[in-house]
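A quick write-up on the structure given underneath.
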Amino acid sequence: MHRRSLIDDLAEALGKSEDEIRQFLEALWQRLPLAIEVEPPFVRYLDAKIEGVRSTLEAEINDLRSTLEAEINGLRMAMEQGFKRAEERDEMLRREMEQGFKRAEERDEALRREIEQRFQQAAERDEGLRREMNERFEALRREMQKGFQQMAERVEAIRRELRQEIEALRGEVQRLERWFRTFAISILLMLAGIIVQNFLK
């Protein structure tokens, strides 16, 4: 990668193609002895280019690392915010569900109390109706008992009156019988006296 960058720069500076610059460098490298002393300007040039490429790569790597770290931090913050919002939504949903359950329990409790109250009112009405019916039955029983007693008293009074009238009639019949016997005896005595007088004449 370093040679290609150097070749590109030399080709652009010398107005040659990349293949020509590559062939020239290869031929130059083959013909130079291992212990040859390279001219300082060329070495400094190569070192500078290599350092520049290294610095560029390090800068790009640092920029890429910074970018990746920023993106990772942003993603982490976004995920944390998302998790936080999700937790807040879950907490809100939980509170809403708890409030809904609480309202449902309150409605159920109110309905239960209302039903119990209605049952109690119905029981009280039934008890009042039962007492009223018992009172009416008792009053009717007393009235009927009183009526029967009055009827018995009237019957007894009628019986006493009839008995008294019968006794009076019996006394009158007895009196009439005594009077009739007395009258009949007188008549018989008169007839007997008349008959006796007629025989004596």
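The values are calculated or read from the model by the stated rules, or taken from the named source; none is laboratory data. Note that this is a predicted model, so its numbers are computed, not measured. Virtual Cβ from ideal backbone geometry, glycine too; neighbours counted across all protein chains shown.
Could you tell me whether the range 53-67 includes any residue that is more than 30 Å from residue 13 (Cβ to Cβ), surrounded by 10 or more Cβ atoms within 10 Å (Cβ to Cβ), modelled with pLDDT under 85 and not hydroxyl-bearing (Ser, Thr, Tyr)? Walk me through how you get there before you give the answer.
Start the filter on the range 53-67 by keeping residues that are more than 30 Å from residue 13 (Cβ to Cβ), which leaves 65-67.
Those left that are additionally surrounded by 10 or more Cβ atoms within 10 Å (Cβ to Cβ): 65-67.
Checking the rest, the ones that are also modelled with pLDDT under 85 come to 65-67.
Add one more test, that the residue is not hydroxyl-bearing (Ser, Thr, Tyr), and what stays is 65.
Yes - at least one qualifying residue is present in the range 53-67.
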- Task: Of the conditions (1) modelled with pLDDT of 80 or more; (2) exposed (fewer than 10 other Cβ atoms within 10 Å of the Cβ), residue 176 clears all except one; give me its number.
- Result: (2)
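Determine if the range 94-103 includes at least one residue that is among the aliphatic types (A, V, I, L, M) and at pLDDT 90 or above.
Within the range 94-103, one or more residues are among the aliphatic types (A, V, I, L, M) and at pLDDT 90 or above.
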- Item | Residue ID - modelled with the highest pLDDT, chosen from residues in the range 12-43 that are aliphatic (A, V, I, L, M) and in a loop (DSSP other than H, G, I, E, B) | 32
